[in-house]
1. I need Cys58, Cys187 ordered by Cβ neighbour count within 10 Å, fewest first.
2. Which order do the peptides 197-203, 250-256, 91-97 take when ranked by the mean count of other beta-carbon atoms within 10 Å per residue, highest first?
3. Along the positive direction of the dipole of the stretch 3-288 (beta-carbon charges: Lys, Arg +1; Asp, Glu -1; about the Cα centre), which of Ser6, Leu272, Leu286 reaches farthest?
4. Mean residue ellipticity at 222 nm from the helices of the chain, using -39,500 (n - 2.57) per DSSP H segment of n ≥ 4 over the full residue count, to the nearest 500 deg cm²/dmol?
5. Can you check how the C-alpha radius of gyration of the chain compares to 2.2 N^0.38 Å, as a plain ratio?
6. Using +1 at the Cβ of each Lys and Arg and -1 at the Cβ of each Asp and Glu in the chain, identify which of Leu26, Ile221, Leu251 lies farthest towards the dipole's positive end.
7. Evaluate the charge dipole of the chain about its Cα centre and quote only its size in Debye, nearest 20, assuming +1 on the Cβ of each Lys and Arg and -1 on the Cβ of each Asp and Glu.
8. Of all the stretches in the chain, which is the longest one without any exposed loop site, taking trypsin sites (Lys or Arg not before Pro) in a DSSP loop (any state but H, G, I, E, B) with at most 11 other Cβ atoms within 10 Å?
Amino acid sequence: MSTGTSSNFTGYVAAWCVVFIWSFWLIVSRVATDSGLTIYDLAALRYGLASLIAVPLCIYYQPWRDLNLFQITVLSFILGPVYILFVFSGFLYAPAAHGGVFMNGVLPIISILFMIIFVRVLPSARQVFGGILIFVSAIFLAWNASVTSDPSAWIGDVLFLTGALFFSAFIILTERWQLDAMQIIFCGTIVNAALYLPVWAIWLPSNITEAPIGPFTVQAIYQGFVPNFIGLLFVAHASRTIGNGNTSFILAAVPGGGALLGAIILNEHLHLGSILALIILTLGLLLSVRQRSF
């Protein structure tokens, strides 16, 4: 197996590992309200605990040496508290399946738009058709939510969509700037921990001392280490090796995984229309994944 082929293979493996990580993260985040923790506590766990591992690694590798101040500022903001608090707030209004659709399912569409606007590169006809299928399924799921579930679910959908804009920018910049894992961990974890944790400790609402030990442990382990550390490493590798477009399209498989786990673990009911929409979304994903990044 040649080096290029090997890199592509590991890139696809990394992307599909993120699908599993994020599908389960949707469930963990959805049940976070039962832990007694506030969304600000969850953000503190995300940045604070990951920093325990990230600090010694970054001291050793010194990733800031190859980054300028502009890159550090932009990357830290994109992966920072504004992004994650939008996402966590979404789970207060909408079911886990919607988190998958509006954070991950629309990533291919946002990726295509960003590339057209900022890079002046047009997608293929197959990608456009796949993007249309993804868009139609997402719109149907949003409409279906307003009819069959909490009328305020649309608020969560808008919050999730905002989070998707942030993450799409991150995926594109990872490829454009050829960021390595330690650079991403430094900006996404250490810089944000240094900025956010003092604000959280002094001013933001917290129930961290009253949370039951069982739910708290689950949230601490998963929010603190899995998506913000392991997940970012996998996303970075996938974006660099198979391109931001392929990475975004593969991550569009998260809605199916999140919906399935939501039905199994949380007993969230999926109507026939929702199931059909998820099938259409998955078909759009399969049509859209391409061999070469645009």
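Since every read-out is calculated from the coordinates, none of them should be taken as a lab result. Keep in mind it's a predicted model, so treat the numbers as computed, not measured. FYI the Cβ positions are ideal-geometry reconstructions off the backbone, even for glycines, and counts take in every protein chain you see.
1. Cys58, Cys187
2. Values: 197-203: 12.3, 250-256: 26.7, 91-97: 23.3.
Packing order, densest peptide first, comes out as 250-256, 91-97, 197-203.
3. Ser6
4. -23500 deg cm²/dmol
5. Here the answer is 0.97, to two decimals.
6. Checked the options; the winner is Leu251.
7. Values: 9 positive and 9 negative charges, 166 e Å.
With only Lys, Arg, Asp and Glu charged at Cβ, the dipole is about 800 debye.
8. Values: sites that count: Arg120, Arg292.
Value returned for the longest uninterrupted segment is 121-291.
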